[in-house]
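See structure below.
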Amino acid sequence: MALSSDTFFSDSRNQEILQLFDVTRSEEGWYTCLPVNQFLSPIYYSHYLKVIRDEVSTVLAVNQTENLTAPKFKKLDGLSRVMIGYERNTMKLNCEAEGNPLPNITWYKDGVTPPQRQWGVITYTQWAIILDDLTVSDSGHYKCEVINENGFIDYTYKLEVRGKHEDN
């Protein structure tokens, strides 16, 4: 997969930055950069380009000094499958993983990606999804899929959002 020359711009002052413009979901995928050092030895860096609506995120993917590994969760023992939240509060669902290349994460709510909400903001961090100003309609199954070229793992939370004064 290649980007057309009108899609990217490399800043001559900082050659470590590649800016992308007007990308579409069809351009999502793995890209490899092949810089050459002063010894003319190639060093490969791979990045996964993830297009989320109008935002673009890329994850530094390959550590050349370590073996390639499938994704694995860092703190699976600390994850609870059922999360209880209350209206107008914030909920953060974590899905921290490691692997080489560094895995990409995709979130689903009840099988739909990206998760949709009737109210409130969804914030994505590298390993978490944050739901601000919860409503009862945010209740459901939230799944994180973590993938790299060596494997795939997933984890599903059941989020139950209760009214402000509801105890059970």
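The values are calculated or read from the model by the stated rules, or taken from the named source; none is laboratory data. All of these numbers come straight from a predicted model, not from anything done at the bench. Glycine also receives a Cβ, built like all others from the backbone with ideal geometry; neighbour counts cover every protein chain displayed. All accessible areas refer to the heavy atoms of the entire protein, side chains included, with ligands and DNA or RNA removed. Shrake-Rupley method; radii C 1.70, N 1.55, O 1.52, S 1.80 Å.
Residues Arg117, Arg88: which one is over 13 Å from the mean Cα position of the chain (by Cα), surrounded by 15 or more Cβ atoms within 10 Å (Cβ to Cβ) and basic (Lys, Arg)? Steps first, answer last, please.
Numbers: Arg88 fails: surrounded by 15 or more Cβ atoms within 10 Å (Cβ to Cβ).
From the options Arg117, Arg88, the qualifying one is Arg117.
Please identify the pairs in which a residue from the stretch 88-105 that is within 10 Å of Val146 (Cβ to Cβ) has its Cβ atom under 8 Å from the Cβ atom of a residue that is open to solvent by 10 Å² or more (accessible area, probe 1.4 Å) and basic (Lys, Arg), counting only partners at least 6 apart or on another chain.
These pairs meet every condition: Glu96/Lys74; Glu96/Lys75; Ala97/Lys72; Ala97/Lys74; Glu98/Lys72; Glu98/Lys74; Gly99/Lys72; Asn104/Lys50.
In the stretch 126-168, what residues are touching a residue at least 40 places away in the same chain (Cβ under 8 Å), of a type in the set (Gly, Ala, Ser) and closer than 28 Å to Ala70 by Cα?
Gly151
Just a yes or no: is a residue in the stretch 125-147 among the β-branched types (Val, Ile, Thr) and modelled with pLDDT under 90? Outline the logic, then answer.
Initially, the stretch 125-147 is screened for residues among the β-branched types (Val, Ile, Thr), giving 125, 129-130, 135-136, 146-147.
Subsequent filtering for residues that are modelled with pLDDT under 90 retains 125.
Yes, because at least one residue in the stretch 125-147 is among the β-branched types (Val, Ile, Thr) and modelled with pLDDT under 90.
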